[in-house]
Structures are given as C-alpha cells and as structure tokens.
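Working notes, structure below.
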Amino acid sequence: MISKTLSRLGVLAGALSVGALVAGDALAQATTTNRVAANTDWSVFQETNPTECFATSAPKEQNNTRDGQPVQVSRGETLLFVFFRPAEGVNGQVTFTGGYPFASGSTVNLEVGSSTFQLFTEGEWAWPANPEEDARIVEAMKAGSQAIVTGRSGRGTTTRDTFSLLGFTAAVEEARSRCAS
C-alpha cells in the first residue's frame, strides 16, 4: 500500500506542474462562463481543448484554529473537486485545495459519514493515493449529506471545511457524461 501511494505521489508530483496549471485554471474558470450546470450546492464546468469536466463546490462552513483556539486567517479559494480528463484516463479524481500551503509532509482527512479518507498534500493541493480510493470517496459522497475536510497549514493552523453534498451525485454524473470518452 505504501509503495502504491508513493508511486501515485511520484506520478502526481511529476504531473504537478501540469496539474497545478489545470487546477489553477479550474479556479479561474469558476468565475467565468465555463459553468455548464448547477446542481444545488455543486456546479459543473467543462473545457474543450483539452477536454476536461469537473464538479466543484465551496465549503458551507470554515473553522480555523491554532492551539485549539479559533483564529482569523486569510485563505485563498477553498474548493472540493471531482475531475474527468478522458485524454489522461482520469475518471473521477477527487482533489481539494485549501487556499493555503499545507504543512510539509502532512495529510488531509476527508470525512463522509462514518468513513474517513486520507488525502496526500503538495503545496495547496490534496488528493487520494490512487484511483481506487477516488472511486471509494465518490461513492461515499454520493451516499452522504456532508463532507468535512481537515488539514494543517504550514503555519500550524488547523482548518476544518464543511461541504454540503446536496447536488453532488447529479453534478458528478453530469461532469462524467460530458467527458465520456
């Protein structure tokens, strides 16, 4: 399991510059006209060159603490995504951006109902170890009502972001169908 995780991290780190550009573009697109659908608390965006579709949502609630005490912090965009990129074989990749650089070597916990998943971090981004874990998370999110993402910044702030899952299934299926290969 650890070697598979490291392998995926190596592949993801190798693609990080491309992924960061795409993810950065995704953030920029969230305020453009590339939105093709909205399903309650989730939106769907589509790009055509190259073909890419994603469902995304912002948190409904954010809590930031340091040493157990609430603190005010400045964070960038905080979004949870599910990506589809047919040309790259990406079919439902879960990705989270916390709006700040995560602590080096840290992981992020994603809780959906009674299930907890570990996301690996690099810079401001976090994702599961492999496509099988992506699929497990997506299935849990389809059955859940909220997702809670907890991470730690490089400055020692613990963040807890709560995402509504109202409209998640419809948004993910819309993104999937728009990017079917």
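For the reader, a short list of remarks on this structure follows.
- Qualifying positions in segment 97-113 - farther than 13 Å from G154 by Cβ, surrounded by fewer than 19 Cβ atoms within 10 Å (Cβ to Cβ) and of a type outside the set (S, T, N, Q): E111, G113
- Filter result for N109 (out of contact with any Pro (no Cβ under 6 Å at 6 or more places or on another chain), touching a residue at least 40 places away in the same chain (Cβ under 8 Å), polar (S, T, N, Q) and closer than 18 Å to F54 by Cα): no
- All of A87, A103 fail the test of being touching a strand residue (DSSP E or B) at 6+ places or on another chain (Cβ under 6 Å) and more than 24 Å from A170 (Cβ to Cβ), apart from A103.
- When restricted to residues that are out of contact with any strand residue (DSSP E or B) (no Cβ under 8 Å at 6 or more places or on another chain) and either under 18 Å from R160 (Cα atoms) or among the acidic types (D, E) (or both), segment 123-135 contains 1.
- Residue match in segment 18-30 (condition: modelled with pLDDT under 85 and farther than 29 Å from L166 by Cα): yes
- Residues in segment 59-92 that are within 20 Å of G167 (Cα to Cα), among the aliphatic types (A, V, I, L, M) and touching a residue at least 60 places away in the same chain (Cβ under 8 Å): L80, V82.
- Residues that are among the charged types (D, E, K, R) and either within 22 Å of G98 (Cβ to Cβ) or surrounded by fewer than 18 Cβ atoms within 10 Å (Cβ to Cβ) (or both), drawn from segment 146-177: R152, R155, R160, D161, E173, R176
- Just one residue in the set T116, T78 is β-branched (V, I, T) and more than 13 Å from the chain's Cα centre (by Cα); that residue is T116.
The values are calculated or read from the model by the stated rules, or taken from the named source; none is laboratory data. Because the structure is predicted, anything quoted here is derived from the model rather than measured. Cβ sites come from the backbone with ideal geometry, for glycine too, and all protein chains shown count toward neighbours.
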